[in-house]
Amino acid sequence: QSIDINHPDNLIGKVISHHGGEVEVEPEDSAQDNIHCKFRTNLGALVCGDHVIYRENDIDPSIIAIQPRNNLLRRIDGFGNIKSVAANVTQLLICLSVEPEPNLFLLDQFLLSAEQQKIDVLIILNKVDLLPEDSSDPFSLESIYRSIGYELLYTSMETQQQIDTLQQRCINFTNIISGVSGVGKSSLTKAIL
């Protein structure tokens with residue numbers, strides 16, 4: 001059965017979370033509440049950030065089409081398969097921390113992906129309250145990355161250092177936060193929200 005994507009009952013929204021067989025959609029009309037929608041498997045993989053066309057009804061609101069993506073971030077899962085992570089991202093927050101010590105090779109991989117997908121980058125060094133007082137350029141981030149044009153923020157949930165700046169820096173972007181386990185992604189996400 002063909003679907004008329006220009007039907008007057010169709011609505012436009014953005015996928016903001018994925019829950020197995022359904023997704024939460026933020027309607028384009030900000031006066032409406034978010035809605036949980038089913039989706040057809042023939043649409044392919046839906047990811048956060050996808051702009052979708054959906055139809056609301058009393059029984060099962062459902063997504064009927066995915067609009068063209070500006071970009072698509074992917075990663076390799078533990079089995080070596082490529083997995084789509086997010087679409088239409090405009091800013092990648094790369095979260096490092098004092099402990100565990102930053103892996104600059106992994107940082108470079110994140111930067112390469114962002115450059116390829118034309119996504120703005122903000123590098124965050126979290127847990128800076130753990131640094132010694134005399135630390136002027138921890139992990140050479142200033143000399144390597146700021147010198148080639150990347151923005152750096154030094155944050156601490158303990159002292160709230162630059163948390164306000166981080167919140168402001170996320171406004172008007174579709175953000176994704178990346179980093180290894182233990183760097184404080186969850187705490188920073190809660191602070192941003």
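The values are calculated or read from the model by the stated rules, or taken from the named source; none is laboratory data. Quick caveat: nothing in here was measured; it's all calculated off a predicted structure. In this analysis, Cβ positions are derived from the backbone assuming ideal geometry, glycine residues included, and neighbour counts consider all displayed protein chains. Heavy atoms of the whole protein, side chains included, go into the accessibility calculation; ligands, DNA and RNA do not. Shrake-Rupley method; radii C 1.70, N 1.55, O 1.52, S 1.80 Å.
Say R0 is 30 Å: what FRET efficiency, to the nearest 0.05, do Ser187 and His7 get from their beta-carbon distance? Don't skip to the answer; put the middle values down first.
Details: r = 44 Å, r/R0 = 1.45.
It comes out at approximately 0.10.
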Taking a ≥ b ≥ c as the square roots of the eigenvalues of the Cα gyration tensor of region 43-147, is the shape rounded (a/c under 1.5), prolate (a/b larger than b/c) or oblate?
prolate
Can you classify region 32-90 as rounded, prolate or oblate using the Cα gyration tensor, where a ≥ b ≥ c are the square roots of its eigenvalues, rounded means a/c under 1.5, and otherwise it's prolate if a/b beats b/c and oblate if not?
prolate
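Which loop-located GluC sites (Glu not before Pro) does region 107-175 contain, where loop means any DSSP state but H, G, I, E or B and the Cβ has at most 10 other Cβ atoms within 10 Å?
Numbers: sites: Glu115, Glu133, Glu142, Glu151, Glu158; in loops: Glu133, Glu158.
The qualifying sites are Glu133.
Could you provide, to the nearest whole Å², the per residue accessible area of the chain with probe 1.4 Å? Provide the component values of the computation, followed by the final result.
Working: 11410 Å² over 193 residues.
Result: 59 Å² of accessible area for each residue.
By its C-alpha gyration tensor, with a ≥ b ≥ c as the square roots of the eigenvalues, how is the chain shaped: rounded for a/c under 1.5, else prolate for a/b larger than b/c, else oblate? Don't skip to the answer; put the middle values down first.
On the way: a/c = 2.59, a/b = 2.10, b/c = 1.23.
The shape class here is prolate.
Would you please name the trypsin sites (Lys or Arg not before Pro) within region 84-193 that are DSSP coil residues with at most 13 other C-beta atoms within 10 Å of their C-beta? Walk me through the intermediate numbers first.
Numbers: sites: Lys118, Lys127, Arg146, Arg169, Lys185, Lys190; in loops: Lys118, Lys127.
When the trypsin sites (Lys or Arg not before Pro) of region 84-193 are filtered for loop state and at most 13 Cβ neighbours within 10 Å, Lys118 remain.
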Cross-link partners among lysines for Lys185, C-alpha distance below 22 Å, same-chain residues fewer than 8 apart left out?
Lys83, Lys127
So what's the angle, to the nearest 10 degrees on a 0 to 90 scale, between helix 104-117 and the longest Cα principal axis of the chain?
40 degrees
Reachable aspartates and glutamates, given that their alpha-carbon falls under 13 Å from the alpha-carbon of Lys190 and they are not under 8 places away in the same chain:
Asp164
Give the Cα extents of region 101-177 along the principal axes, in whole Å, largest first.
37, 27, 19
For Lys38, give me every one of the aspartates and glutamates with a C-alpha distance below 15 angstrom, ignoring sequence neighbours fewer than eight places off in its own chain.
Glu22, Glu24, Glu26, Asp50, Glu56, Asp58, Asp60
Over what distance in Å are the Cα centres of region 21-38 and region 92-137 separated?
33 Å
